[in-house]
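Asker: Below is the structure I would like to discuss, written out as structure tokens.
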Amino acid sequence: MSTEIPRDHYDVIIIGYGPVGRMLALQLGLRGHRTLVVERQNKVYYLPRAVHLDDEISRVLQSVGLPPGVLAEAVEPYDDFYEWRAADHSTLTRLDWRGRGPSGWNVSNFFNQPLLEKAMDARVNAVESIDVALGWRAIDRVEDADGVTVELVDSVGQRRVISGAYVVGADGANSTVREWIGGTETDLGYFHDWLVVDLIMKSSDIVFDPPAWQLCDPARPTTLVPGGPGRRRFEFMRLPDEFVDELSTEESAWRLLEPWGIGPDDADLERHVVYTFQAKWADSWQRDRLFIAGDAAHLMPPFAGQGMCSGLRDAVNLAWKLDLVLAGTTGTEILESYTSERVEHVRHFIAASMALGDVICMTDAEQAGARDRQMRADLASGAAMPPRPLPRLGAGLHRDDAGGGLLSIQAPVAVGAASDLFDTAVGAGGVLLLAQPSLEQELSPDRRRHLDELGFRIVAFGEDGDQSHPQDVHHAYREWFASLGAVAVLVRPDFYVYGVAAAAEEVGALVDDLLAAVRVRSVA
């Protein structure tokens, strides 16, 4: 039975209640905007899909009250190497996924998506300004200068018309909202079929060291990684002489698991399905008051573990801009930066995923042999595969300087006698970071007031022993500032840098640039 919809009008209507729809709803709802999420299914989808998230996404979850520390049932921090191995299981290369990344959390984490969504769902239900409508499908819309009216239908044919100032499609690869927007897409023609097998482990005797590795065997390229606490995932590439219908059977799953010493006595088969990995994106993610995010906007191979991560970045990028527009603080022009920033960013991750796939998916024995020899030589010489890319945003709402468009860091800070990660100790959101308190004098009252209107805080780091300012506990911010050649860094609410000031006399101009970029009235 479909959910009752209590209102006729919302600030934002989100179509799709997966992780991206949930995150966007939380980002908007926690800012006080009346938000409706529409989902065609009558219940939460119960099977896993994505299994990996990085430290940046951990920080995003932290921003809505769901840091990994409270998600122990769903999320398992990873603290080991990720190895690539040849057909004989000898090491070809290893990626160091140990420790914490620049966003303050483990570089890599493996999770169970249904359990993560359950935690997100509970958080959504605790926010008064968010309504969730299950069992409704968006079938049509009428757009005008003031908003969008969406026609919904449920499984028994009941219809409902709801209006919103904006509509966002987080409705997956077959997005209805993307069809409404229209336009072209860039398809890189990348197609590989893989059987994805998810297991709930019953035996503790089966150990993989390290827990995540990639078997680069031309006879059967295979991925084996954790799938969240108590779970494992295997992915088996479909070979040219195999049919999808045959590969997708339960019998095929157990047959392919047998060489790994896993049978029905060792694990429960939670899911087995053949996916076609693709690489493409919509060229426009917005038309007027319509937007798309997540799989509705882009698809990528899973080899870099960045598909869902990219969708959650979309949500955070769009939310803070919609927040300012809905609050009347800025004009709608800032929304035009959404596509340009996110498309370019996603393209980097798609390219990285495809490059990894080109290495993994070799089925020609001679080519694979040459690959293995080169990788072994690189390993012996100390060369390693590059770490996860941290690309800049595309052109948009940031400066073209040493930091503009790059992801900011999060490190421990001390406030008084207590210390914690920056967002917990000081608070999340837009912030002007100053290397020292004396730089505060560069900010006129008008600049301070306008930053406050935008929701940006001013945080100056104090010298050791200065209890009136946050302390840079491990000097991580000092080192980061030095790497950027900066004395001030202006960080947007989505954790990406707007720009930097290299000297004290440039701090005021940095703030003025932001105010002009978002069309806040000029500063005297």
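Asker: Could you look through the range 314-343, keep only residues that are among the hydroxyl-bearing types (Ser, Thr, Tyr) and surrounded by 18 or more Cβ atoms within 10 Å (Cβ to Cβ), and pick out the one that is nearest to TRP285 (Cα to Cα)?
Answerer: Filtering the range 314-343 for residues that are among the hydroxyl-bearing types (Ser, Thr, Tyr) and surrounded by 18 or more Cβ atoms within 10 Å (Cβ to Cβ), the one nearest to TRP285 (Cα to Cα) comes out as THR339.
Asker: Provide a single number: the residues in the range 175-203 that are among the basic types (Lys, Arg) and either surrounded by fewer than 22 Cβ atoms within 10 Å (Cβ to Cβ) or assigned to a strand (DSSP E or B) (or both).
Answerer: Within the range 175-203, residues that are among the basic types (Lys, Arg) and either surrounded by fewer than 22 Cβ atoms within 10 Å (Cβ to Cβ) or assigned to a strand (DSSP E or B) (or both) number 1.
Asker: State which residue pairs qualify: first residue closer than 19 Å to ILE292 by Cβ and inside the range 321-349, second residue among the acidic types (Asp, Glu) and buried (at least 22 other Cβ atoms within 10 Å of the Cβ) in any location, beta carbons under 6 Å apart, and separation of 6 or more residues or different chains.
Answerer: Sorted first by the residue in the range 321-349, then by its partner, the pairs are LEU326/ASP11; ARG342/ASP314.
Asker: Looking for something within 20 Å of ARG34 (Cα to Cα), surrounded by 22 or more Cβ atoms within 10 Å (Cβ to Cβ) and of a type in the set (A, V, I, L, M, F, W, C) - is there at least one such residue anywhere in the range 278-292?
Answerer: yes
Asker: Ok, one more. Would a scan of the range 270-286 turn up a residue that is at pLDDT 95 or above, out of contact with any His (no Cβ under 8 Å at 6 or more places or on another chain) and aromatic (Phe, Trp, Tyr)?
Answerer: Among the residues of the range 270-286, at least one is at pLDDT 95 or above, out of contact with any His (no Cβ under 8 Å at 6 or more places or on another chain) and aromatic (Phe, Trp, Tyr), which makes the answer yes.
Asker: Tally the residues that are over 17 Å from the mean Cα position of the chain (by Cα) and among the β-branched types (Val, Ile, Thr), restricting the search to the range 315-367.
Answerer: Adding up the residues that qualify gives 8.
Asker: What single numbered condition from (1) part of a loop (DSSP other than H, G, I, E, B); (2) without any contact (Cβ under 8 Å) to a residue 12 or more places away in the chain fails to hold for ALA395?
Answerer: The one condition ALA395 does not meet is (2).
Asker: Determine, yes or no, whether GLY69 is crowded, with 21+ Cβ neighbours inside 10 Å, over 30 Å from ARG220 (Cβ atoms) and either more than 14 Å from the chain's Cα centre (by Cα) or of a type in the set (Gly, Ala, Ser) (or both).
Answerer: no
Asker: Please list, ordered by residue number, the strands (runs of 3 or more DSSP E) wholly in the range 31-144 having 2 or more residues that are touching a residue at least 24 places away in the same chain (Cβ under 8 Å) and out of contact with any helix residue (DSSP H, G or I) (no Cβ under 7 Å at 6 or more places or on another chain).
Answerer: The strands (runs of 3 or more DSSP E) meeting that bar are 35-39, 75-78, 81-85, 91-96, 108-111, 130-134, 136-144.
Asker: Let me ask something additional. What pairs can you find where one residue is in the range 493-509 and assigned by TED's automatic domain parsing to the domain that holds GLU453 and touching a residue at least 12 places away in the same chain (Cβ under 8 Å), the other is among the hydroxyl-bearing types (Ser, Thr, Tyr) and outside any loop (DSSP other than H, G, I, E, B), and their Cβ atoms are less than 9 Å apart, with a gap of 6+ or different chains?
Answerer: Note: pairs meeting the criteria are PRO493/SER63; PHE495/SER63; ALA504/SER438.
Asker: Looking only at the range 19-28, which residues are over 12 Å from LEU322 (Cβ atoms), of a type outside the set (A, V, I, L, M) and in contact with a helix residue (DSSP H, G or I) (Cβ under 7 Å, 6 or more places away or on another chain)?
Answerer: Across the range 19-28, the qualifying residues are PRO19, ARG22.
Asker: Based on this model, can you work out whether SER340 counts as closer than 21 Å to GLY430 by Cα, in contact with a helix residue (DSSP H, G or I) (Cβ under 7 Å, 6 or more places away or on another chain) and not acidic (Asp, Glu)?
Answerer: For SER340, the condition - closer than 21 Å to GLY430 by Cα, in contact with a helix residue (DSSP H, G or I) (Cβ under 7 Å, 6 or more places away or on another chain) and not acidic (Asp, Glu) - is not met.
Asker: Quick test of your reading of the structure: PRO77 fulfils all but one of (1) crowded, with 16+ Cβ neighbours inside 10 Å; (2) over 22 Å from the mean Cα position of the chain (by Cα). Name the failing condition by number.
Answerer: Going through the list (1) crowded, with 16+ Cβ neighbours inside 10 Å; (2) over 22 Å from the mean Cα position of the chain (by Cα), PRO77 breaks only (2).
Asker: Could you count how many residues in the range 301-331 are modelled with pLDDT of 95 or more, under 29 Å from GLU235 (Cβ atoms) and hydrophobic (A, V, I, L, M, F, W, C)?
Answerer: Looking only at that region, the number is 5.
The values are calculated or read from the model by the stated rules, or taken from the named source; none is laboratory data. Note that the structure is a prediction, hence the values are computed from the model and not measured. When we count neighbours, we look across all protein chains shown, and the Cβ atoms used for this are built from the backbone with ideal geometry, even at glycine.
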